[in-house]
1. Scan region 150-186 for residues that are closer than 23 Å to residue 46 by Cα and either in contact with a Ser or Thr (Cβ under 9 Å, 6 or more places away or on another chain) or surrounded by fewer than 18 Cβ atoms within 10 Å (Cβ to Cβ) (or both) and report the count.
2. Residues of region 114-124 being surrounded by 15 or more Cβ atoms within 10 Å (Cβ to Cβ) and either among the acidic types (Asp, Glu) or at pLDDT 80 or above (or both), which ones?
3. I'd like the full set of residues that are assigned to a helix (DSSP H, G or I), at pLDDT below 85 and farther than 24 Å from residue 71 by Cα, limited to region 130-186.
4. Quick one: in region 74-102, of everything that is among the polar types (S, T, N, Q) and in a helix (DSSP H, G or I), which residue is surrounded by the most Cβ atoms within 10 Å (Cβ to Cβ)?
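The values are calculated or read from the model by the stated rules, or taken from the named source; none is laboratory data. What you see is a predicted model, and the numbers here were worked out from it, not measured in a lab. Don't worry about glycine lacking a Cβ; one is built from the backbone with ideal geometry, like all the others, and counts go over all protein chains shown.
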Amino acid sequence: MHRIHRYGIAGGFLGATLIGGSFAVAVPAGLPVVNPPAQRLADQRSDRIAELQRIMPHLQHSIDILSMEGEDPKHHRDKALNEVRKARDEVQMEIDEMQGKKPGSDIKREHERDKNGKKTAPKSYYDGLVTVSQYLRNDQSTLSREGEDKNHHRKNALDAMKRGQKEVQAEMDEYAATHPEVRNRR
């Protein structure tokens, strides 16, 4: 009986379609709607692009903060700045590839932004380093959830962020060692 009923409904839909009629299927509330595989891939791609695009302002602000400060004796700031730029460039190349653009086509624009962009100074040098450290930690967490990419932009960005994080931490430690007011905040 159940089998006949199921074929009867399917046959009715098929008959209505063959005759030239149309029908709509309502999905009851609470049941998941299953997207076709191509749609799921497109959704995943756009979600991944959005995640990568959310990282970019963090990296840009980190570059701004690090480029506003003066020289540090052991050049930790300069090394961190170079690593953050590398990370930003790798993330941008991954975004370009996913959007079907020539990889690196937006990097020149980003380098111009570094030179000409308005920069807002943090409250203090140390606060700026703390901000950069938090950005790098959060961005590493976000990138580590992403899947592999064929040209290793994600891996290269993660490696650059780790090296940059190490240099920022070294600069924070040196600064705290010579500034008692910061040492007490840690």
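1. Counting residues in region 150-186 that are closer than 23 Å to residue 46 by Cα and either in contact with a Ser or Thr (Cβ under 9 Å, 6 or more places away or on another chain) or surrounded by fewer than 18 Cβ atoms within 10 Å (Cβ to Cβ) (or both) gives 6.
2. 114
3. Answer for region 130-186, where residues must be assigned to a helix (DSSP H, G or I), at pLDDT below 85 and farther than 24 Å from residue 71 by Cα: just 145.
4. Residue satisfying both the conditions and the ranking: 92.
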